[in-house]
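See structure below.
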Amino acid sequence: QVQLVESGGGLVQAGGSLRLSCAASGRTFRSYAMGWFRQAPGKEREFVAAISWSGGTKYYADSVKGRFTISRDNAKNTVTLQMNSLKPEDTAVYYCAARGQVVRTTPSEYNYWGQGTQVTVSS
């Protein structure tokens with residue numbers, strides 16, 4: 001099992017940047033693929049970015065490609081999401097999630113979830 005705790009959310013103006021972090025417990029963190037998802041009010045949870053256990057494979061939603069970067073540090077049991085050029089439509093609760101080794105982009109395929117962190121982008 002793994003427990004996940006997100007941090008780094010907040011309020012930022014459009015065009016600004018935020019860096020989200022996800023701290024994981026457990027010695028097996030390096031065996032998990034990790035993902036970031038988000039959910040805006042009244043909308044379904046959607047995929048943002050994912051990274052393989054080694055960090056060698058990364059996927060991004062089209063809506064964030066070129067603006068967001070996912071990375072991980074297996075020595076520190078952390079995964080981060082650097083978000084640049086933020087837009088009001090990026091406003092949502094952002095969740096960190098973990099699953100088995102193979103990277104997936106569907107929320108239902110992830111087994112472990114953090115509590116979420118709010119990101120609000122003002123226009």
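The values are calculated or read from the model by the stated rules, or taken from the named source; none is laboratory data. Computed from a prediction, not measured in an experiment: that's the story for all the values here. Quick reminder, even Gly has a Cβ in these numbers, built from the backbone with ideal geometry, and neighbours come from all protein chains shown. To get the accessible areas, we keep the full protein, side chains included, count just its heavy atoms, and leave off ligands, DNA and RNA. Shrake-Rupley method; radii C 1.70, N 1.55, O 1.52, S 1.80 Å.
Find out how many positive minus negative residues lie around A24, taking Lys and Arg as positive, Asp and Glu as negative, among other residues whose Cβ is under 13 Å from that of A24. Intermediate values should be presented prior to the final figure.
On the way: positive: R27, R30, R72, K76, R99; negative: E6, D73.
Net charge in that neighbourhood comes out at +3.
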Hey, what do the phi angles of the stretch 18-31 turn into as Karplus ³J(HN,Hα) couplings, whole Hz, using 6.51/-1.76/1.60 and θ = phi - 60°, x for Gly and Pro? 9, 10, 8, 10, 10, 9, 10, 9, x, 7, 9, 3, 5, 8
Just to be sure I follow the rule: in the stretch 8-123, considering lysines 8 or more places apart or on different chains, how many pairs have Cα atoms under 24 Å apart? 5
Distance in nm between Q115 and K43 label points, each 7 Å along Cα→Cβ, equals 2.4
Give me the percent of accessible area attributable to carbon and sulfur for the stretch 27-89, probe 1.4 angstrom. 46
For the stretch 1-101, give the magnitude of the charge dipole about the Cα centre (Cβ charges: +1 Lys/Arg, -1 Asp/Glu; no others), in debye to the nearest 20. 280
Give, in whole angstrom and from largest to smallest, the semi-axes √(5λ) of the equivalent ellipsoid of the chain, with λ running over the eigenvalues of the Cα gyration tensor. 23, 14, 13
Please list, in chain and number order, the residues 5+ apart from G26 or on another chain whose amide H is under 5 Å from its amide H, with Hs placed from the backbone. none
Might you tell me the accessible area per residue for the stretch 1-59, computed with a 1.4 Å probe and given in Å²? 55
I want to verify a result. In a Gaussian network model of the chain, Cα cutoff 10 Å, which of these has the top mean-square fluctuation: P107, P88, P41? P41
